[in-house]
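Asks: Have a look at the structure that comes next, please.
The values are calculated or read from the model by the stated rules, or taken from the named source; none is laboratory data. Being a predicted model, the structure only gives us computed values, none of them experimental. Every residue, glycine among them, receives a Cβ derived from its backbone with ideal geometry; neighbour counts consider all protein chains shown. Ligands, DNA and RNA are excluded from the accessible area calculation, which covers all protein heavy atoms including side chains. Shrake-Rupley method; radii C 1.70, N 1.55, O 1.52, S 1.80 Å.
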Amino acid sequence: MMREPTWSTVLAIARRDLRGGLRGFRIFLACLTLGVLTIAALGSLTAMLQSGIAKEGRAILGGDIEFALVQREANADERALLDDLGNVSKVATLRALARASDGDTPALIEIKAVDNLYPLVGTFETVDGQHLESALAQVDGYHGVAVDDTLLARLDIDIGDLIRVGTADLQVRAVIAREPDRLGSGFVFGPRVMMALDALASTELVQPGSLVRWRYRVDLGLAGESDRELGNIIEATQAETIDSGWRIRGRTHAAPNVERFIERLSFFMTLAGLTALIVGGVGIANAVRNYLETRTKTIATLKCLGATGATIFRIYLSQILILAVIATSIALALGALLPVVGVTLFSEILPVPVVAGFYWQPLSVAAAFGILVTLAFTIWPLGRARDVPGAVLFRSIIAPIRKWPPLPYLAAISASMIVAATLAFLWYPDPRITAFYIGGTLASFILLWLLSLGLMAFVRRFVHGGSPYSRLAFRNIHRPGTPAPSIILSLGLGLALMVTLALIDTNMSRELNASIPEKAPSFFFLDIQTDQLQPFQDIIAGESASAEVELVPMLRGRITHVGDTPAEELTVPSEIQWALRGDRGLTYEESLPEGSHLVSGQWWAPGYEGKPLVSVEVEIAQGLGLDVGDNITINVLGRELTAEVANLRAVEWESMGINFVLVFSPSALRNAPHSHLATVVTEPEFEQAMLRSVNASFPNITAIRVKDALDAVGNLLNRLLAAIRGASAISLMMSVLVLAGALASGYRARMYDAAVLKTLGATRRNVLTSHVIEYAAYGFVTAVFALIAGSIAAFAVVDYIMELPWAFDLPIAGVTVVGAVIMTLVLGLATSWRALGAKPARTLRAN
Amino acid sequence: MISLRDVHLTLHSNAGPVEILKGIDLDVAAGEAIGLVGPSGSGKSTLLMVAAGLEAVSSGVVHVAGRDLHTLDEDALAHFRREDVGIIFQSFHLIPTMTALENVAIPLELRSDNTAEKRAREELVRVGLEHRLDHFPGQLSGGEQQRVAIARALSAGARLILADEPTGNLDLENGALIMDLLFELQADRNATLVLVTHEPTLASRCDRVATLRDGRIESIGAPKRRRKATGKTLAEARAK
């Protein structure tokens, strides 16, 4: 049996062959480096953020465990239970209005009322270095407050001035420089106002049913040092308080909303990075094919000297892997370094804590994706290179090898793809989206391949005649060795990616700049007490006779059981998990609320006083597996309330009117302490006066301007949009690289054609005309594909991942496609221009 | 060494099938030098490819160095070339990124020969290029490149040398020197030489000459007047 050369011999030959330089590998290196860099940098950044949140978990939470209640404080037994665990600090958070004591324009504020143990963990800092206790102390009959500097500007006040909050005048003593637990406080609409619990009591904002969140932070000391001990304590206390409506969080999940946001954003960005790498994979395949084309004679020579196909494969696979390792190493180094530099430079303005450092896990995943994508895209051209016959050296023109690589090579390609897909499933948090992504990517490849075959067959069969140059253009599309498949694949994927990102961008921008619906309310008023209902309506009517007021009772409650199954044990789709997460608004209604219609079941009869009934929003009901007649249990104010589902209801959320997922029959909740929520629709010119009047008469009522709330959400979306635009820039770079590589694959043939045509008397313009026709044909078919595939992908991202309303924007998609096709033409013609500039004699001699 | 019986070869192109070899019968004995002459397109180079196992015949029997090439798969054919065949091309086909020494070592390295470098060096000394070992092909003259190619063809001890117009890219004097070298080495090693050429004078240095026309052997036999070597030594050639 003949021996094959050893790997060291193979590597030696590969190394010698690489002496020719890396010119042919520039696009290969660029595509791979950029793709791996994107995944590595985003993964590292995410790890730094997650690690920062984990490390600062105690400070963000304000202790080892936080026990939170809505609308009520802990009773004596509950407090005793908490005190047994360790040091307990009590904090109350709520929204309210504040105005300068000598002013009349109120602003929405986020109150945090604290005891003198606050903060249990971390450091609270004021701008002038004043101690929190002294800043909040009562001096000359006024409680002090520490505020965000934005409040000073908003109310046009300064340190030492008085602000009116509820019924109390409070003195502004300090500006907050650092609030250690801010990130754990959730979404904020207004500037922070820190005050003592006594000061909160003096404001009289805390009324029955007021939306106050009472938080008890516990420092476990040594008892809860390890995460396991912490978990055990949480589990034990959960068992004791399960029926009391407590929401318990440990330091390991100090800021779940932020963690979710980071995870979601990172998931999207990593998918964008992976897409860039896969599109880059096409560039890698093109580059390797072009490179191997230049090595045809070397391969044939080696074959004549006795090298087997397997040896040829090993030589060139070694080269590709050496270069892949170099590119991946550069990408990993940059991917590890850039986020560190970024967060170090911008640590002061980052809203979340980060732990800068080296995170091997995301880097390993990026490296694995890089190598797997390289293998998946290069084994095919390498498999073909092994079949280059030695006879090439005897014949000047040999038809390109069109046959498929042998079975083991196809198996290796499949294995690389399967391992990459498995890695994606293991690494990414949402298997459904990952499966959709992988399926979509595969489908795109297959469709583009079929599209190229279809175009070639169509042109071969049906397109004849025309000028000699158009005939030449169309023959170029279907001649042996045509670059059509690689150009269509590269262009199609690049275009589809650009259309996807453009449509995501436009949908998010639209959401950001969405004009508020015509009938949308100007205000939401919270915490209206039952005895304030009539005077409140009178004030509104007094300010604007045409104002429309909608009032509903408002409570907070948490779903604890669906049927007999505890909520924690339910498996529900990700898009409705929010319904089980913490407290939700509840109401009761005599009749079907406006902006909704019944889907199944019956609304309860007027004056119904029987056992508790509930109407459930239909999508949530389906997600929870609820149907008419089933039971659902809610914890309201520490009490369990089980109600039977009377009907399912579809809600038009877009109307921005008041609507709730759960609407109870009045008898179920009427007697629970609660406040009311109002929406007011009025003309903009009445808004300020209305706000002032309500605040002057009822300081406990909080008003949220819809526009302000939308602005706050908009800030969040703006950050997402910046991330999308970053992904767009990377994908654009990648697409240009890939396209340049694909066009280069036809360069040699074009040089030869141009030389022959010029020898026969064709001008550059004549030849360019034929090239324009050819590229326009590629542009047209890929544009149609990109419009359809890009729209489907964008819809999936917007609708499923971002959960935003979707609208197709033909002009944006069209402009993107046309722009990209023009880019193709320009790039293609630039390639042609180079080919046309070559002296025909030299080209013909070389061939 | 070579035995061809009723060999036909038809290649398929877009213009239709083209019959290149039409019933070739040829025997070449071990140690013999045979020249193949004939006009362009007569099938000379194709016959060389068939003997090297680079082209599979459509019908007929091809025995080379005791092997029936028809029964060998691609890998076995590669091993056959590695063990028994040395090919010399008109355009040299040295690998441009490798030095003269590395080019000559390749056939030995492919055989996992641990003494590849040493033997390659000896071959290059034998063809008078000991001073050009580390030069790349681009740094060598045409004659030197062809000498490297000859050293490469013979380095692994090939029993069959297939030369396709080896002087086609050289001037007359260099061409003559190269042929002297080739015949000298062939005689030294008792190798079989198949020489494709347009030059009747070169062919006449072979033991026999076969004339091909339109895919058939038109005539075969000893040359009318056997030509001698130029008489120049390698040292003189090197000086040249």
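Asks: Confirm whether A:Val817 is open to solvent by 20 Å² or more (accessible area, probe 1.4 Å), more than 15 Å from the chain's Cα centre (by Cα) and not charged (D, E, K, R).
Replies: Values: open to solvent by 20 Å² or more (accessible area, probe 1.4 Å): no; more than 15 Å from the chain's Cα centre (by Cα): yes; not charged (D, E, K, R): yes.
No; evaluated as a whole, the condition is false for this residue.
Asks: Additional query: So, in region B:76-106, exactly how many residues are open to solvent by 40 Å² or more (accessible area, probe 1.4 Å) and touching a helix residue (DSSP H, G or I) at 6+ places or on another chain (Cβ under 7 Å)? Before you say what the answer is, go through the steps one by one.
Replies: Here is the first cut: in region B:76-106, the residues open to solvent by 40 Å² or more (accessible area, probe 1.4 Å) are B:83, B:90-91, B:96.
Restricting the remaining residues to those that are touching a helix residue (DSSP H, G or I) at 6+ places or on another chain (Cβ under 7 Å) gives B:96.
So the count comes out to 1.
Asks: Further question: Going through region A:90-117 one residue at a time, which ones are in a loop (DSSP other than H, G, I, E, B) and open to solvent by 40 Å² or more (accessible area, probe 1.4 Å)?
Replies: Residues of region A:90-117 in a loop (DSSP other than H, G, I, E, B): A:101-106, A:115-117.
Once the filter is applied, which keeps residues that are in a loop (DSSP other than H, G, I, E, B) and open to solvent by 40 Å² or more (accessible area, probe 1.4 Å), region A:90-117 yields A:Ser101, A:Asp102, A:Asp104, A:Thr105, A:Asn116, A:Leu117.
Asks: Among the helices (runs of 4 or more DSSP H) lying completely within region A:196-305, list those that include at least 1 residues that are within 14 Å of chain B (Cβ to nearest Cβ) and out of contact with any Cys (no Cβ under 7 Å at 6 or more places or on another chain). Write out each step before concluding.
Replies: Numbers: elements: A:197-203, A:227-241, A:256-294, A:296-304.
Output list reads A:256-294, A:296-304.
Asks: A further question follows. Looking at A:Asp538, A:Asp627, can you tell me which residue is over 21 Å from A:Leu677 (Cα atoms) and either free of Cβ contacts under 8 Å to residues at least 60 places away in the same chain or assigned to a helix (DSSP H, G or I) (or both)? Talk me through it step by step, then tell me what you get.
Replies: Values: A:Asp538 fails: over 21 Å from A:Leu677 (Cα atoms).
From the options A:Asp538, A:Asp627, the qualifying one is A:Asp627.
Asks: Is it true that some residue in region A:575-586 is in contact (Cβ under 8 Å) with a residue 24 or more places away in the chain and over 30 Å from A:Asn75 (Cα atoms)?
Replies: Yes, because at least one residue in region A:575-586 is in contact (Cβ under 8 Å) with a residue 24 or more places away in the chain and over 30 Å from A:Asn75 (Cα atoms).
Asks: While we're looking at this one, here's another question. Among the residues of region B:157-189, which ones are open to solvent by 10 Å² or more (accessible area, probe 1.4 Å), in contact (Cβ under 8 Å) with a residue 12 or more places away in the chain and outside any loop (DSSP other than H, G, I, E, B)?
Replies: B:Asp164, B:Glu173, B:Asn174, B:Ala176, B:Leu177, B:Asp180, B:Phe183, B:Glu184, B:Gln186, B:Arg189
Asks: Going by the structure shown, is A:Glu348 within 30 Å of A:Leu393 (Cβ to Cβ), modelled with pLDDT under 85, open to solvent by 40 Å² or more (accessible area, probe 1.4 Å) and charged (D, E, K, R)? Even if it seems obvious, please write down each step before you answer.
Replies: Numbers: within 30 Å of A:Leu393 (Cβ to Cβ): no; modelled with pLDDT under 85: yes; open to solvent by 40 Å² or more (accessible area, probe 1.4 Å): yes; charged (D, E, K, R): yes.
No.
Asks: Among the residues of region B:1-60, which ones are open to solvent by less than 50 Å² (accessible area, probe 1.4 Å), within 11 Å of chain A (Cβ to nearest Cβ) and not hydrophobic (A, V, I, L, M, F, W, C)?
Replies: Hits for region B:1-60 are B:Lys44, B:Ser45, B:Thr46, B:Gly53, B:Glu55.
This table checks each residue for (1) at pLDDT 90 or above; (2) among the polar types (S, T, N, Q); (3) buried (at least 16 other Cβ atoms within 10 Å of the Cβ).
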{"site": "A:Ile576", "(1), (2), (3)": "no, no, yes"}
{"site": "A:Ser591", "(1), (2), (3)": "no, yes, no"}
{"site": "A:Ser600", "(1), (2), (3)": "yes, yes, no"}
{"site": "A:Val614", "(1), (2), (3)": "yes, no, yes"}
{"site": "A:Gly625", "(1), (2), (3)": "no, no, no"}
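Asks: Determine, yes or no, whether A:Ile822 is surrounded by fewer than 17 Cβ atoms within 10 Å (Cβ to Cβ) and either under 19 Å from A:Gly492 (Cβ atoms) or β-branched (Val, Ile, Thr) (or both).
Replies: On the way: surrounded by fewer than 17 Cβ atoms within 10 Å (Cβ to Cβ): yes; either under 19 Å from A:Gly492 (Cβ atoms) or β-branched (Val, Ile, Thr) (or both): yes.
For A:Ile822, the condition - surrounded by fewer than 17 Cβ atoms within 10 Å (Cβ to Cβ) and either under 19 Å from A:Gly492 (Cβ atoms) or β-branched (Val, Ile, Thr) (or both) - is met.
Asks: Tell me, which helices (runs of 4 or more DSSP H) lie completely within region A:398-478 with 2 or more residues that are at pLDDT 90 or above?
Replies: On the way: elements: A:407-427, A:431-462, A:468-478.
Counting at least 2 such residues, we get A:407-427, A:431-462.
Asks: So which residues in region B:114-156 are within 12 Å of chain A (Cβ to nearest Cβ), in contact (Cβ under 8 Å) with a residue 24 or more places away in the chain and open to solvent by 40 Å² or more (accessible area, probe 1.4 Å)?
Replies: Passing the criteria: B:Phe136, B:Gly138.
Asks: Would you mention how many residues in region B:92-104 are in contact with an Asp or Glu (Cβ under 9 Å, 6 or more places away or on another chain) and more than 9 Å from every other protein chain (Cβ to nearest Cβ)? Quick ask: steps written out before the conclusion?
Replies: Restricting attention to region B:92-104, the residues satisfying the condition of being in contact with an Asp or Glu (Cβ under 9 Å, 6 or more places away or on another chain) are B:95, B:97-102, B:104.
From the residues that got through so far, the ones that are more than 9 Å from every other protein chain (Cβ to nearest Cβ) too are B:100-101, B:104.
So the count comes out to 3.
Asks: Right, another one. Within region A:647-666, count every residue that is modelled with pLDDT under 90 and in a helix (DSSP H, G or I).
Replies: Matching residues across region A:647-666 total 3.
Asks: Here's something else I'd like to know. Answer yes if at least one residue in region A:326-345 is within 14 Å of another protein chain (Cβ to nearest Cβ) and surrounded by fewer than 21 Cβ atoms within 10 Å (Cβ to Cβ), and no otherwise.
Replies: The first filter runs over region A:326-345 and keeps only residues within 14 Å of another protein chain (Cβ to nearest Cβ), leaving none.
The answer is no; no qualifying residue exists.
Asks: Considering only residues that are within 34 Å of the chain's Cα centre (by Cα) and small (Gly, Ala, Ser), look in region A:281-324 and name the one that is farthest from A:Trp7 (Cα to Cα).
Replies: Across region A:281-324, the extreme among qualifying residues is A:Gly283.
Asks: Right, another one. Go through region A:738-789 residue by residue and tally those that are without any contact (Cβ under 8 Å) to a residue 24 or more places away in the chain and within 40 Å of the chain's Cα centre (by Cα).
Replies: 2
Asks: Restricting attention to region B:73-80, does a residue exist that is within 23 Å of B:Cys206 (Cβ to Cβ), facing another protein chain (nearest Cβ under 9 Å) and either touching a Pro at 6+ places or on another chain (Cβ under 8 Å) or not polar (S, T, N, Q) (or both)?
Replies: Step one: filter region B:73-80 for residues within 23 Å of B:Cys206 (Cβ to Cβ), giving none.
No, every residue in region B:73-80 fails to be within 23 Å of B:Cys206 (Cβ to Cβ), facing another protein chain (nearest Cβ under 9 Å) and either touching a Pro at 6+ places or on another chain (Cβ under 8 Å) or not polar (S, T, N, Q) (or both).
Asks: For A:Tyr316, which of the numbered conditions (1) more than 14 Å from every other protein chain (Cβ to nearest Cβ); (2) crowded, with 21+ Cβ neighbours inside 10 Å fails to hold?
Replies: It is condition (1) that A:Tyr316 fails.
Asks: A follow-up question, please. Take the residues in region A:56-80 that are touching a strand residue (DSSP E or B) at 6+ places or on another chain (Cβ under 9 Å) and either open to solvent by 10 Å² or more (accessible area, probe 1.4 Å) or among the basic types (Lys, Arg) (or both); name whichever of them is nearest to A:Pro119 (Cα to Cα).
Replies: Here is the first cut: in region A:56-80, the residues touching a strand residue (DSSP E or B) at 6+ places or on another chain (Cβ under 9 Å) are A:57-58, A:61-74, A:78-79.
After this cut, where a residue has to be either open to solvent by 10 Å² or more (accessible area, probe 1.4 Å) or among the basic types (Lys, Arg) (or both) as well, the list is A:58, A:70-74, A:78-79.
On the way: A:Arg58: 10, A:Val70: 21, A:Gln71: 22, A:Arg72: 22, A:Glu73: 19, A:Ala74: 19, A:Glu78: 21, A:Arg79: 18 Å.
For region A:56-80, the residue satisfying everything is A:Arg58.
Asks: Sticking with this structure for a sec: Of all residues in region A:140-168, which are open to solvent by 70 Å² or more (accessible area, probe 1.4 Å) and assigned to a loop (DSSP other than H, G, I, E, B)?
Replies: A:Asp140, A:Asp156, A:Asp158, A:Ile159
Asks: Given the residues A:Thr33, A:Thr38, which is the only one that is under 24 Å from the mean Cα position of the chain (by Cα), of a type in the set (Ser, Thr, Tyr), farther than 21 Å from A:Glu263 by Cβ and in a helix (DSSP H, G or I)? Before you say what the answer is, go through the steps one by one.
Replies: On the way: A:Thr38 fails: farther than 21 Å from A:Glu263 by Cβ.
Sole residue among the options that is under 24 Å from the mean Cα position of the chain (by Cα), of a type in the set (Ser, Thr, Tyr), farther than 21 Å from A:Glu263 by Cβ and in a helix (DSSP H, G or I): A:Thr33.
Asks: For region A:118-134, how many residues meet the condition of being exposed (fewer than 15 other Cβ atoms within 10 Å of the Cβ) and aliphatic (A, V, I, L, M)? Spell out the reasoning first.
Replies: First, the residues of region A:118-134 that are exposed (fewer than 15 other Cβ atoms within 10 Å of the Cβ): A:123, A:127-129, A:131, A:133-134.
This time we only want the ones that are aliphatic (A, V, I, L, M), so: A:127.
Going through region A:118-134 one residue at a time, the tally reaches 1.
Asks: Every residue in region A:793-814 that is touching a Pro at 6+ places or on another chain (Cβ under 9 Å) and open to solvent by less than 30 Å² (accessible area, probe 1.4 Å), please. Before you say what the answer is, go through the steps one by one.
Replies: Our first condition is that a residue be touching a Pro at 6+ places or on another chain (Cβ under 9 Å); within region A:793-814, this holds for A:798-799.
If the condition is that a residue be touching a Pro at 6+ places or on another chain (Cβ under 9 Å) and open to solvent by less than 30 Å² (accessible area, probe 1.4 Å), then A:Val798 is the only one that fits.
Asks: So, in region A:363-396, of the ones that are open to solvent by 30 Å² or more (accessible area, probe 1.4 Å) and free of Cβ contacts under 8 Å to residues at least 60 places away in the same chain, which residue ends up nearest to the other protein chains (Cβ to nearest Cβ)? Outline the logic, then answer.
Replies: Initially, region A:363-396 is screened for residues open to solvent by 30 Å² or more (accessible area, probe 1.4 Å), giving A:364, A:368, A:371, A:375, A:377, A:380, A:384, A:386-387, A:389, A:394-396.
From what is left, the residues that are free of Cβ contacts under 8 Å to residues at least 60 places away in the same chain are A:364, A:368, A:371, A:375, A:394-395.
Working: A:Ser364: 34, A:Ala368: 31, A:Ile371: 26, A:Leu375: 23, A:Phe394: 5, A:Arg395: 8 Å.
Filtering region A:363-396 for residues that are open to solvent by 30 Å² or more (accessible area, probe 1.4 Å) and free of Cβ contacts under 8 Å to residues at least 60 places away in the same chain, the one nearest to the other protein chains (Cβ to nearest Cβ) comes out as A:Phe394.
Yes or no, residue by residue, for (1) at the interface with another protein chain (Cβ under 10 Å from one of its Cβ atoms); (2) open to solvent by less than 10 Å² (accessible area, probe 1.4 Å):
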position	(1), (2)
A:Pro5	yes, yes
A:Ser8	yes, no
A:Ala12	yes, no
A:Arg16	yes, no
A:Phe25	no, yes
A:Leu29	no, no
A:Leu34	no, no
A:Ile39	no, yes
A:Ser44	no, yes
